[in-house]
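The values are calculated or read from the model by the stated rules, or taken from the named source; none is laboratory data. Predicted model only: the values in this text are computed from it and were never measured. Don't worry about glycine lacking a Cβ; one is built from the backbone with ideal geometry, like all the others, and counts go over all protein chains shown.
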Amino acid sequence: MVALVDPTTLIDILLIGLSGTLICLAVHFIPVGGAPAAMAQATGIGTGTVELAAGSGLVGLITSSYMYAHEPASSMVLIMAAGAMGSAIMLASTMLAGGLIYAYGVAVPFASAQVKRDPITRQRQDTYISKGTQGQGIPTICFVSGVVGAALGGAGGGLIYFVLMGYYTPLIAATSAAAVAGVFTMGVFYVNSVIPSYGVGGTIEGVHDPKFRRVVPKDVVTSVIVSMLCGVVAILIAGGMTP
Amino acid sequence: MVLDLTMSMAILALMGALATIAGCIEDLESDVGSQSNPNSQVQLAPQMNFLHRIYNKAISGEPISNGLSAVTGGVVTTVLLNARFYPLMAIVIGALIAAVIYGIFATTSYAGRVASQARFKQPLYMDIMRYTTPSIIGHNFIVCFCLVAIAYIQYVILGYPFTIPFLALIWGISVGAIGSSVGDVHYGGEREFQNREFGCGLNTALSGRIVRKAESGLRTSLDNVWFCAKFGGPATGIGLGLTVFFSSWPTTIWGYTWTAMLVGVIILAVMTIMNRLVEIQVKNAYGPYKEDKEEKGAVAVAHTH
């Protein structure tokens, strides 16, 4: 039986809870426009919250796991940074390529529907919104917000992987430990991508969207509880592990 | 396996090339089969009395269906590798089996979706099913081959801790996420509503009123993939290619250090600037849609004084 009240175990559960919350918070930063954005009828990236957050976070998981496998002595912060970099580069590449389609394939100027002027470039947004839409494309504020969000999510994924590998490696073979930790991290990603999509109702433009302030506190509290529960499960399944 | 720098860069370049092909073909597969968000319009059209000859599959969200296909290919490849098959042969057979299973899902999904629209009098065209399904299988085979090959390189040559099926699953989900975010906009935002003026934006009121006439005759999904192959597909390929290349390039050159992380930040800054340059260019090229009421008002006030 695994001792759940052991201080080290408690810290592990807390860290998993923290990283899950980081992922949940990260999803709010990513400008997701959903189906309307795929038809250039809303600002943001034209796909769903869950798929995008998980897609970028999992690339971060690949980079952080590779770093952990080759530099086992590397610090927790460096593993998190590796995850953040992989994840942010995936999302930035996606937004850049997506922006090319909005600009030259559909031919619409980028415009945010939530702010009158872009907080970074100070450029007018409202006059560029085409008739009958909620903005279109990926303006600079959305791009920056998305990169920050993806980095947070990737860092969260790297942290869960680091914690779980530290816990599972002494119990089972290294390859199996990586497999269980990887699949579990993926699960936590999906759980924490679904929570915000209920909160934001499918679309959010990023940190400047009024929805951000409205839903983040509720979603974060939900995520803390759910992620801690995930952490407890992650420790409990180790009870059956034999070398 | 420990590689020197030249060999590491060669492997990375090969992975980037495979990813570019996978991304491009994945988007074209989702266009020829009509999947993901733009398919909502194809699904809606019969309800608006717009009967059409476009394939309508949407097995699930694009990342999940591609993840399913890639993981199937990865599992079969792993089994064959354990049976001492030559790696290239194992990957080809794995991808082929995955593509055929994908084709089965596409067929049942098309038949099921159209059957559910019987009350809107949308017919199920057997010729469309016969001509388009092999194209879907063919596209998916190439995607699956590239993704499993990337997973094989990462696991066997580079020594990633995850196994081939799990790496293939992750790349399948990522290629779907990128295809859904990038190339689908070209299909949904431009090709489906090509009859409106170029660059005028897409009014929500147009929902479901998709274009049904082709350059010659009635439009089918094969006409759509011909159009999207000119821009949507290659742009998606660039998206995934950049992801695979730049997520590994800094650590390949600078090792597992903070310098590599700093280089990553510089790459992100460059991408942000490039996006800004595109934004400036399109805003200047197409201009505002509405007049600025504040400035107009201010000018009017100035004239009265």
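Details
- All positions within the range B:117-142 that are out of contact with any Leu (no Cβ under 9 Å at 6 or more places or on another chain) and surrounded by 24 or more Cβ atoms within 10 Å (Cβ to Cβ): B:Ile136, B:Asn140
- Residues of the range A:177-194 satisfying the condition of being surrounded by fewer than 23 Cβ atoms within 10 Å (Cβ to Cβ) and either in contact with a strand residue (DSSP E or B) (Cβ under 7 Å, 6 or more places away or on another chain) or under 19 Å from B:Ile173 (Cβ atoms) (or both): A:Ala179, A:Val180, A:Val183, A:Phe184, A:Met186, A:Gly187, A:Tyr190, A:Val191, A:Val194
- Take the conditions (1) surrounded by fewer than 24 Cβ atoms within 10 Å (Cβ to Cβ); (2) within 24 Å of B:Pro165 (Cβ to Cβ); (3) in contact with a helix residue (DSSP H, G or I) (Cβ under 6 Å, 6 or more places away or on another chain); A:Asp219 misses just one of them, which is (2).
Conditions tested, residue by residue: (1) more than 18 Å from the chain's Cα centre (by Cα); (2) assigned to a helix (DSSP H, G or I).
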{"residue": "B:Thr6", "(1), (2)": "yes, yes"}
{"residue": "B:Leu12", "(1), (2)": "yes, yes"}
{"residue": "B:Leu28", "(1), (2)": "no, yes"}
{"residue": "B:Asn56", "(1), (2)": "no, no"}
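- Some residue of the range B:208-221 being touching a residue at least 40 places away in the same chain (Cβ under 8 Å), part of a helix (DSSP H, G or I) and either in contact with a His (Cβ under 7 Å, 6 or more places away or on another chain) or surrounded by fewer than 21 Cβ atoms within 10 Å (Cβ to Cβ) (or both): no
- Check on A:Val226, away from chain B (no Cβ under 11 Å), free of Cβ contacts under 8 Å to residues at least 40 places away in the same chain and within 19 Å of the chain's Cα centre (by Cα): no
- Single unsatisfied condition, A:Ser176 versus (1) without any contact (Cβ under 8 Å) to a residue 40 or more places away in the chain; (2) in a loop (DSSP other than H, G, I, E, B); (3) over 30 Å from B:Gln281 (Cβ atoms): (2)
- Odd one out for B:Val114 among (1) buried (at least 17 other Cβ atoms within 10 Å of the Cβ); (2) at pLDDT 95 or above; (3) out of contact with any helix residue (DSSP H, G or I) (no Cβ under 8 Å at 6 or more places or on another chain): (2)
- Lone qualifier among A:Pro109, A:Pro119 - being at the interface with chain B (Cβ under 9 Å from one of its Cβ atoms) and assigned to a loop (DSSP other than H, G, I, E, B): A:Pro109
- Only one entry in B:Thr252, B:Thr243 is more than 7 Å from chain A (Cβ to nearest Cβ) and closer than 30 Å to A:Ala81 by Cα, namely B:Thr252.
- Boolean, B:Gly94 is assigned to a helix (DSSP H, G or I), within 12 Å of chain A (Cβ to nearest Cβ), surrounded by 22 or more Cβ atoms within 10 Å (Cβ to Cβ) and small (Gly, Ala, Ser): no
- In the range B:97-133, the residues that are farther than 30 Å from B:Asn49 by Cα and either of a type in the set (A, V, I, L, M, F, W, C) or not in a helix (DSSP H, G or I) (or both): B:Ile97, B:Ala98, B:Ala99, B:Val100, B:Ile101
- Residue match in the range B:67-84 (condition: of a type outside the set (Ser, Thr, Tyr) and outside any helix (DSSP H, G or I)): yes
- Looking at B:Leu124, B:Leu206, B:Leu158, just one residue is among the hydrophobic types (A, V, I, L, M, F, W, C) and more than 11 Å from chain A (Cβ to nearest Cβ), and that residue is B:Leu124.
- Among the conditions (1) surrounded by fewer than 24 Cβ atoms within 10 Å (Cβ to Cβ); (2) away from chain A (no Cβ under 14 Å); (3) under 30 Å from A:Thr175 (Cβ atoms), the only one that B:Thr163 does not satisfy is (2).
- Selected residue (only one of A:Ala37, A:Ala88, A:Ala53 is surrounded by 24 or more Cβ atoms within 10 Å (Cβ to Cβ) and either outside any helix (DSSP H, G or I) or modelled with pLDDT of 95 or more (or both)): A:Ala88
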